[in-house]
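Participant: Have a look at this one before I ask anything.
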Amino acid sequence: MQFLVEERADCMPRACPRKRMLRLPHDKLSPFDRSLPPGPERDCGRSGGWKIRPPSGGRGRISEQSYACRGMFMSNILPFRGRSPRKTAGLIRKFLDVFVTLLSSFPTHLLLRIVMVLGTIVSLDLQISLFINSFVGDLPSVDQLLHIIERNSLFKGVFSMMLFWSLWFAVSKRVEETRARLLATLAVSVLAVFVGRVLAVMLPYRPRPIHDPELGFVLHGGLTHETLDGWSSMPSDHAVLYFALATGIFLAHRAAGVVALVHAIFIICLPRVFFGLHYAADIAVGAVIGILIAVALVPWLARQLQRHDIPTYAATHGGLFYPAVFFITWQVASMFGPVRDLLRDLAAMLA
């Protein structure tokens, strides 16, 4: 079987291309092109590219995506035909040498400017955190109230799960779609906590503001310098979890999502900067991670759940479904505290 390969060399954007037809045996095509079925002529739409068409009588259909750019897949047919692996390796080596040369000639003043920008960001992060913390002690009753809110799960995860269950049982025209997105949000929030903890362990250790007395953070009476000692500050797992939850709820219901976002900012994250448990950058990075995870996974996972008819399964097998979902929502509401305590006790017993 032979294919006709046409070389294009457009001199001008609207000029008629000069064409040269070449007949290649089937065994001279690349493995990718041999695997494609015969089909109509496709063009990559770029000057100087290649286009391939089967001989007359060929049947089959090839998608536009498969032939998105023939220049990429046909480049190994004619230009590199017969080239030995040693010559190919030499070309790759020359390319790497050029890349290293360009990298070594990168202007030093630009590198210094990048370092200065990073230093400015770190300094600004510290100034913002110190400014928020400076209000500690002005109103002791407000400090005590915020400390209660920061520590008590009734104001944190329980509120988010109340939003979850209120949307689950709400009457709407898109019940199945809403429930699928809520289930996806719940699953993604568990993944977000795992990602946050893995990043906190893998990234360089960053002490929390209250662990460094030289920074000048005001310490609340209910906290000590040993609070959360050994736990890295970057990123904030609270921010990762609650911004992932808020984003998923927003994708399921806009109004409830706005409430969840406000709750994540002012009830979850702001008190943690206020008491010196996190820097402002820890919260910002955690929020970005949670939002990106939710935006990337919740819509896709919701479609998969709808495809497998999981919302209908919840209605027909409530005796199995609702206890399992209740357990997950309970763990999310408590930041997986009981599970972490159990794992810690088991580790101490086995040690």
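Participant: First select every other residue whose beta carbon is under 15 angstrom from the beta carbon of Met335; then total the charges, Lys and Arg +1, Asp and Glu -1.
Facilitator: For residues surrounding Met335, the net value is +3.
Participant: Still on this structure, please answer the following. In the neighborhood of Ala180, defined by Cβ-to-Cβ distances under 12 Å, what is the net charge if each Lys or Arg adds +1 and each Asp or Glu adds -1?
Facilitator: Net charge around Ala180: +2.
Participant: Something else now. Please give the peptides 261-269, 305-313 ranked by average Cβ packing (other Cβ atoms within 10 Å per residue), highest first, as a rough proxy for protection.
Facilitator: The peptides rank, most packed first, as 261-269, 305-313.
Participant: Another one. Once phi is turned into ³J(HN,Hα) by the Karplus curve 6.51 cos²θ - 1.76 cosθ + 1.60 with θ = phi - 60°, what whole-Hz value does each residue of the range 294-303 show in order, with x for glycine and proline?
Facilitator: Rounded to whole hertz, the list is 5, 5, 6, 10, 4, x, 5, 5, 4, 5.
Participant: Let me check I've understood the local charge: for Arg208, count other residues with C-beta under 9 angstrom from its C-beta, Lys and Arg +1, Asp and Glu -1. What total comes out?
Facilitator: -2
Participant: Could you calculate the contour length gain from Arg307 to Ser123, that is, 0.36 nm times the residue separation minus the distance between their Cα atoms, to one decimal place in nm?
Facilitator: Additional length available on full extension: 61.3 nm.
Readers should treat all values here as calculations from the given coordinates under stated rules, not as data from a laboratory. Nothing here was measured: the structure is a model prediction, and the numbers come from that model. Positions of Cβ are backbone-derived with ideal geometry, glycine not excepted, and every protein chain shown enters the neighbour counts.
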